[in-house]
Amino acid sequence: MNENLFAPFICPTIMGISTLPIIMIFPCLLFTTPKRWLPNRIQILQIWLIRLITKQMMTMHNNLGRTWTLMLMTLILFIATTNLLGLLPYSFTPTTQLSMNISMAIPLWMGTVVLGFRNKPKASFAHFLPQGTPTPLVPMLIIIETISLFIQPLALAVRLTANITAGHLLIHLISSAALTLISINILLTSITFIVLFLLTILELAVAMIQAYVFTLLVSLYLHNNT
């Protein structure tokens, strides 16, 4: 029987109804609202991480850019928890879907661009034509800069999708090889399991790093337009 490598990336359904909205809401349940005067250790860790990321990401922004703090922190927490939950057995990772990542990237990118044209129209239009450009190259550079501007949300979505999908595929392939080698060679099986364990640790790091990279790039787009 031929195994479909991309079967884990098919959105699960119940009675023909997609369960993706439920999966997307589930990570939000991990961040509980404190109901005591003194938070527990998990809540202290959450607060410390949020403050650390906020300080690193929002220091470079002015007052207008800092109004996006809540949105950016929500974005990085959502992507990170979704990526991490997708590494659990019998789970599904929504961020492996290009359509979902594009639906996150385009509104955020468009919001930064519209904000730039609204508050700094001269500086925003100046990005299309660097200072000192020779006259014959003006039309070509304008076209190139316009294309590069519209490629930004696609690059955001493809980067996240490719990194998460590649890691999941590699884990799936190595785990299948380990199961096949059990009845052939115990030594090779042990080595394969060690490689699989190290790859899983790497994928945990990639899941968090990609969430940070996605949010950081949106923050940089915001910084360039405020």
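Of the residues making up segment 197-206, just one is surrounded by 14 or more Cβ atoms within 10 Å (Cβ to Cβ) and either among the hydroxyl-bearing types (S, T, Y) or farther than 18 Å from N83 by Cβ (or both), namely T200. Taking the numbered list (1) surrounded by fewer than 13 Cβ atoms within 10 Å (Cβ to Cβ); (2) assigned to a loop (DSSP other than H, G, I, E, B); (3) modelled with pLDDT of 80 or more in turn, H61 passes all entries but (1).
Here L72 clears all of (1) more than 28 Å from L196 (Cα to Cα); (2) in contact with a Pro (Cβ under 9 Å, 6 or more places away or on another chain); (3) open to solvent by less than 70 Å² (accessible area, probe 1.4 Å) except the condition numbered (2).
Look at segment 134-160: where a residue is open to solvent by less than 50 Å² (accessible area, probe 1.4 Å) and a partner is of a type in the set (V, I, T), sitting 6+ places away or on another chain with Cβ atoms under 7 Å, you get L141/T133; P153/I102; P153/I106; A157/I102; L160/T95.
Among S176, S183, which is in a helix (DSSP H, G or I) and either polar (S, T, N, Q) or more than 24 Å from L87 (Cα to Cα) (or both)? Spell out the reasoning first.
Values: S183 fails: in a helix (DSSP H, G or I).
Of the residues listed, the single one that is in a helix (DSSP H, G or I) and either polar (S, T, N, Q) or more than 24 Å from L87 (Cα to Cα) (or both) is S176.
Based on this model, can you work out whether L222 counts as touching a Gly at 6+ places or on another chain (Cβ under 9 Å) and surrounded by 15 or more Cβ atoms within 10 Å (Cβ to Cβ)? Here the answer is yes, as L222 does meet what is asked.
Got at least one residue in segment 145-160 being under 29 Å from V114 (Cβ atoms), β-branched (V, I, T) and outside any helix (DSSP H, G or I)? Outline the logic, then answer.
Taking segment 145-160 and keeping what is under 29 Å from V114 (Cβ atoms), we get 145-160.
Filter once more, keeping what is β-branched (V, I, T): 146-147, 151, 158.
Those still in the list that are outside any helix (DSSP H, G or I) too: none.
Within segment 145-160 (the criterion being under 29 Å from V114 (Cβ atoms), β-branched (V, I, T) and outside any helix (DSSP H, G or I)), the answer is no, since none of the residues qualifies.
For L129, indicate whether it is farther than 30 Å from Q210 by Cβ and modelled with pLDDT under 80. For L129, the condition - farther than 30 Å from Q210 by Cβ and modelled with pLDDT under 80 - is met.
Here A178 passes the criteria (1) open to solvent by 30 Å² or more (accessible area, probe 1.4 Å); (2) free of Cβ contacts under 8 Å to residues at least 24 places away in the same chain; (3) among the hydrophobic types (A, V, I, L, M, F, W, C) except the one numbered (1).
Any chance you could count how many residues in segment 207-216 are surrounded by 19 or more Cβ atoms within 10 Å (Cβ to Cβ) and either within 15 Å of M71 (Cβ to Cβ) or basic (K, R) (or both)? Steps first, answer last, please.
In the first step, residues of segment 207-216 are kept if they are surrounded by 19 or more Cβ atoms within 10 Å (Cβ to Cβ); the result is 207, 210-211, 214-215.
Then drop every residue that is not either within 15 Å of M71 (Cβ to Cβ) or basic (K, R) (or both), which leaves 211, 214-215.
Of the residues in segment 207-216, 3 are surrounded by 19 or more Cβ atoms within 10 Å (Cβ to Cβ) and either within 15 Å of M71 (Cβ to Cβ) or basic (K, R) (or both).
Scanning segment 78-122 for residues that are among the small types (G, A, S), buried (at least 16 other Cβ atoms within 10 Å of the Cβ) and either modelled with pLDDT of 85 or more or not in a helix (DSSP H, G or I) (or both) gives A80, G86, A105, G111.
The values are calculated or read from the model by the stated rules, or taken from the named source; none is laboratory data. Model, not experiment: these values are computed from the prediction. Backbone-built Cβ (ideal geometry, glycine too); neighbour counts: all protein chains shown. Calculation scope for accessible area: heavy atoms of the full protein, side chains included, ligands and nucleic acids excluded. Shrake-Rupley method; radii C 1.70, N 1.55, O 1.52, S 1.80 Å.
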